[in-house]
Each structure stands twice: as structure tokens, then as C-alpha cells.
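Down below is the structure, laid out as C-alpha cells.
The values are calculated or read from the model by the stated rules, or taken from the named source; none is laboratory data. For clarity, every value in this text was computed on a predicted model and none was experimentally measured. So basically every Cβ, Gly included, is an ideal-geometry build from the backbone, and we count neighbours across all protein chains shown. Surface accessibility is based on the protein's heavy atoms, side chains included, excluding ligands, DNA and RNA. Shrake-Rupley method; radii C 1.70, N 1.55, O 1.52, S 1.80 Å.
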Amino acid sequence: VLFRSTATESVSQGDVITATTTRRTATGWDITSEFSLAYSAAASTELTASKSVSVFDPFGQGLYALPGNDIISSLTVTNPGFGAADADSIVLIDAVPPEMAFYNGDMDDSGPATDPVYFVQTNGANLTWTYATDARFSNSPTRPANMAGCTYNPSSGYDPNVTFVCFNPKGAMAAGDPDPNFTVQFRARIK
């Protein structure tokens, strides 16, 4: 499926969740999307994660997912359960497909983001985020087991060596109604 705006994949409750999907582009090659969510909490906590990928089109030109264009990966975690997650326990690890080069710069150029990773939360998620400590990277060919395995320092600009982007917001993600959630985003270029 060639996508112009957004493609979304979801995963459901569990301690470690991995979802893999494939998107076909106009040039005939595939982009694989893979991410995992790990957390610890009481049985009443029910975290879900979803990933969407959209074409970065800041000037509204109607761009497609073609080589040379950028995409924005957005991962959203929601707590529809009745209990909070344990403090500092949420770890998201997103694979950067080999067809992509991670962008290590101002993620949205002149928008609200100023770092390579953008974090936003709603509905009282009760988390904190510091880019310098809560976002890390890996250049390993295999998925890191946890944040300790994310030790790569990406070079400025587009870095094709980044294979995984790791996220670890701090605090105990709250429960409640409406469901608390947070989203992390990063940008990459299609090779």
C-alpha cells in the first residue's frame, strides 16, 4: 500500500509487545515497521501502543512516501486500565527500517519540537520527559533488550547507522478517564 498521509498499526496489552507490518512504496520496495513496548505494573494496568507513519510535508505539497522524502514516526501509548504503571518502567523501542535514515536535528524544523525526538502527553499521563536522558539510540543489528542496550550517539543530520530509537519517559503513567496517553515522534528520510 503506497501511503501519502498516515499508516497506523497497533499492539495490545502485554509485558513485551512487538508489531511488524510492511508497506509497499511506489518504487516497489517495502518498508517494515516494528516496535515494542515493555512496562511493569499491577494487573489493573493496561497499556496499549500504536504506531503511525506519515509523510513529513511542512509546506502542504501533497508529498508521497518516495525516496528522498521524510516521514514522521509517531508512537502513542495509552492507559485504558484502572491502575498506574510502575515508575520509570515504560520502555518503547522502535526499529528504524534499513530503507530509512534517522534525522538527528530539529524534528519538525520550525514547529514546536526542538530536539530529534518530540514528546507530548494528554489527559493527565503524569510523566516527565528530558530528551538528553529519556531518548537513546542503537546501531545494533538486533533489538536492544532494554534502555541499557541503547548506547549509540548519532551523528548530526541524517544518520543511516541508527537502527533503533529507544524511549523511556519518567514517572508512573497514570490511569483515569479520559484515558491518559503520550506520543513520541521522530523523523527519518526514505533512502
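Can you give the extra length, in nm with one decimal, that the chain gains between residue 61 and residue 145 once fully stretched, where that is 0.36 nm per residue apart less the Cα-Cα distance? Intermediate values should be presented prior to the final figure.
Details: separation 84, 0.36 × 84 = 30.24 nm, distance 3.96 nm.
That pair, residue 61 and residue 145, stretches by 26.3 nm at full extension.
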Taking a probe of 1.4 Å, how large is the accessible area per residue of segment 65-151, in Å²?
-> 42 Å²
Looking at segment 35-86, which chymotrypsin sites (Phe, Trp or Tyr not before Pro) are DSSP coil and have at most 12 other C-beta atoms within 10 Å of their C-beta?
-> 59
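Roughly how many debye, to the nearest 20, is the charge dipole of segment 53-166 about its Cα centre, given +1 on each Lys and Arg Cβ, -1 on each Asp and Glu Cβ, and no other charges?
Values: 2 positive and 12 negative charges, 58 e Å.
Charge dipole of segment 53-166: 280 debye, to the nearest 20.
With a 10 Å radius around each residue's Cβ, average the other Cβ atoms per peptide and rank 166-178, 128-140, highest first.
Values: 166-178: 18.7, 128-140: 16.5.
Ranked by mean Cβ neighbours within 10 Å, highest first: 166-178, 128-140.
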